[in-house]
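Heads up, the thing below is written out as structure tokens.
The values are calculated or read from the model by the stated rules, or taken from the named source; none is laboratory data. Please read all numbers here as calculations on a predicted model, not as lab measurements. All Cβ positions, glycine included, derive from the backbone under ideal geometry; neighbour counts span all protein chains shown. Note: accessible area is taken over every heavy atom of the protein model, side chains too, but ligands, DNA and RNA are not part of it. Shrake-Rupley method; radii C 1.70, N 1.55, O 1.52, S 1.80 Å.
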Amino acid sequence: MTELFEFLMSYETLRVIWWLFLGVLLVGFAVMDGFDLGVGTLLPVIAKTDDERRVLINTIGPTWEGNQVWFVLGGGAIFAAFPLVYAAAFSGFFVALILVLFALILRPVGFDYRSKLHDPRWRALWDWCLFIGGFVPALVFGVAFGNLLQGVPFRYDEALRVHYEGSFLGLLNPFALLAGVVSLSLLVMHGAVFLQLKTVDTLRERARRWHGIAALVYVASFALAGAWVAFGIEGYRVTAFAGTAAASNPVAKTVVVEAGAWFANFRAAPLLWLIPAGAFAGALLAWRLAPRRPGWAFVASAVAVTATIVTAGTAMFPFMLPSNLAPAHGLTLWDSTSSLLTLRWMFWMTVIFLPLIVLYTSWVFRVMRGPVTLEHVRGSDAHY
């Protein structure tokens with residue numbers, strides 16, 4: 001037992017654990033808040049009247065704040081466990097992240113202010129704000145992942161100060177925009193499945209139609225992105241480094257850039273191909289199950305969301321933020337973490353509080369289960 005505890009609390013193991021924890025938090029955000037973003041994006045095309053828009057808003061209104069906790073936890077985990085990644089990422093993606101921040105700020109304001117006045121123009125304004133609050137983050141998160149796979153133009157100087165030498169427009173390159181389409185269509189699909197679970201009649205049928213469109217776009221764009229990575233993008237591979245238990249030093253390694261490097265982990269362990277296969281299978285299964293079993297369709301859609309993120313993480317491992325300007329300065333989980341003491345304290349806090357968050361979230365969704373109808377929003381029980 002003592003040996004097992006020492007192994008779990010070792011620097012090497014905790015680095016892997018925190019890489020996994022970060023993956024869990026990102027997946028939790030994409031699954032839980034992803035359908036909120038998808039519903040916001042679908043708001044103008046599914047809901048045709050004010051009452052119908054209120055139905056859609058009330059499907060996510062009572063729970064979106066709790067779902068967004070996963071986003072806050074993910075950002076906090078990067079800041080505390082991988083401070084070098086946090087610093088370099090916020091330098092490189094500053095404008096993009098500010099856009100996401102402003103878009104996310106529009107959501108609580110839109111939810112709270114939309115129904116304060118009965119003026120159609122007032123409500124239409126906030127409806128478009130809710131659309132922006134869903135569309136922009138869903139697109140930008142994918143664009144960010146697309147740039148990670150290509151490498152980010154940053155380097156360290158002699159004093160280990162990070163320097164970013166790219167631009168916001170440089171982030172909007174063709175492959176990154178394709179990755180944005182993957183992310184946007186995936187979350188729209190997820191939101192459409194959720195709406196089939198939470199609405200009835202006409203709204204459910206419209207959600208079903210948009211679910212099919214989003215699923216088709218997702219499958220096609222995800223397959224195209226995979227082919228592009230295989231044949232059009234060079235990956236990064238570490239050839240020498242200080243060691244898995246060495247102190248974090250982002251420049252103490254050598255890295256080669258070569259075609260097919262992002263598939264090295266899949267070639268080394270062929271069972272990993274089940275992960276991207278699960279993404280395709282989850283999307284197709286969700287489309288098939290949604291008309292009769294929307295609950296199971298939502299589970300299948302969540303599998304597709306999870307597998308998509310895990311596919312990218314598996315391909316990049318151990319890289320977290322590769323550099324195309326100075327490949328040897330790219331950040332991996334072995335050279336960008338906090339101290340051993342910090343990782344240990346955070347580990348125990350996460351072990352205690354993460355299950356509480358899961359239990360609380362489960363309880364909230366159990367209380368709020370069931371469809372939202374026009375009669376509901378016209379009555380006194382409606383939230384928005």
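Structural descriptor for the stretch 140-218: relative contact order 31 percent, calculated from alpha carbon pairs under 8 angstrom and at least 6 residues apart.
Within the full protein context, the accessible area of GLU234 is estimated at about 100 Å² for a probe radius of 1.4 Å.
Less than 13 Å Cβ to Cβ from LEU325, Lys/Arg counted +1 and Asp/Glu -1: what total charge do the surrounding residues give? Spell out each step's value before the answer.
Numbers: positive: ARG155; negative: ASP157, GLU165.
Charge balance in the 13 Å sphere: -1.
With everything on Cα atoms, drop me the angle between helix 34-46 and the longest principal axis of the chain, reported from 0 to 90° to the nearest 10. Between the helix axis and the principal axis of the chain, the angle is about 40 degrees. What do you get for the angle between helix 201-232 and the principal long axis of the chain? Use alpha-carbon atoms, 0 to 90 degrees, nearest ten. Approximately 20 degrees, to the nearest ten. For the stretch 1-113, the share of alpha carbon pairs falling in successive 10 Å distance bins from zero is 12, 33, 27, 16, 8, 3, 0 percent. Measure nothing but the geometry: give the 0 to 90° angle between the long axis through the Cα atoms of 11-32 and the longest principal axis through the Cα atoms of the chain, rounded to 10°. The angle comes out near 20 degrees. Under Stokes-Einstein, with the Kirkwood radius over Cα pairs as Rh, the value for the stretch 257-384 at 10 °C and 1.306 mPa s is 84 µm²/s. Centre-to-centre, using Cα atoms only, the stretch 40-110 and the stretch 332-384 are separated by 14 Å. Within the full protein context, the accessible area of MET368 is estimated at about 70 Å² for a probe radius of 1.4 Å. Each residue of the stretch 79-156 gets 92 Å³ once the volume of the Cα convex hull is shared out per residue. Per residue, the average separation of C-alpha pairs within less than 8 Å and at least 6 apart gives the stretch 1-150 a relative contact order of 31 percent. Taking the inverse of the mean reciprocal distance over all distinct Cα pairs, the Kirkwood hydrodynamic radius of the chain comes to 21.8 Å.
If you count, for each residue, the other Cβ atoms within 10 Å and average over each peptide, how do 312-318, 198-204, 170-176 line up from highest to lowest?
On the way: 312-318: 19.7, 198-204: 18.1, 170-176: 15.9.
Most protected by this proxy first, the peptides run 312-318, 198-204, 170-176.
Each Cα pair under 8 Å and six or more residues apart adds its separation to the average, and for the stretch 213-265 the resulting relative contact order is 41 percent. The alpha carbons of the stretch 193-341 give a radius of gyration and a Dmax of 19.7, 61 Å, in that order. Over the stretch 190-251, the alpha carbon radius of gyration divided by the compact-protein estimate 2.2 N^0.38 Å works out to 2.04.
Rg/Rh for the stretch 276-320 to two decimals, with Rh computed the Kirkwood way over all alpha-carbon pairs. Please list the in-between numbers first.
Working: Rg = 12.2 Å, Rh = 10.7 Å.
In the stretch 276-320, Rg relative to Rh is 1.14.
What the Cβ-Cβ distance of ASP157 and ARG288 gives, at R0 = 56 Å and to the nearest 0.05, is a FRET efficiency of 0.55. Global dimensions of the stretch 315-375 from alpha-carbon coordinates: Rg and Dmax equal 20.2, 61 Å.
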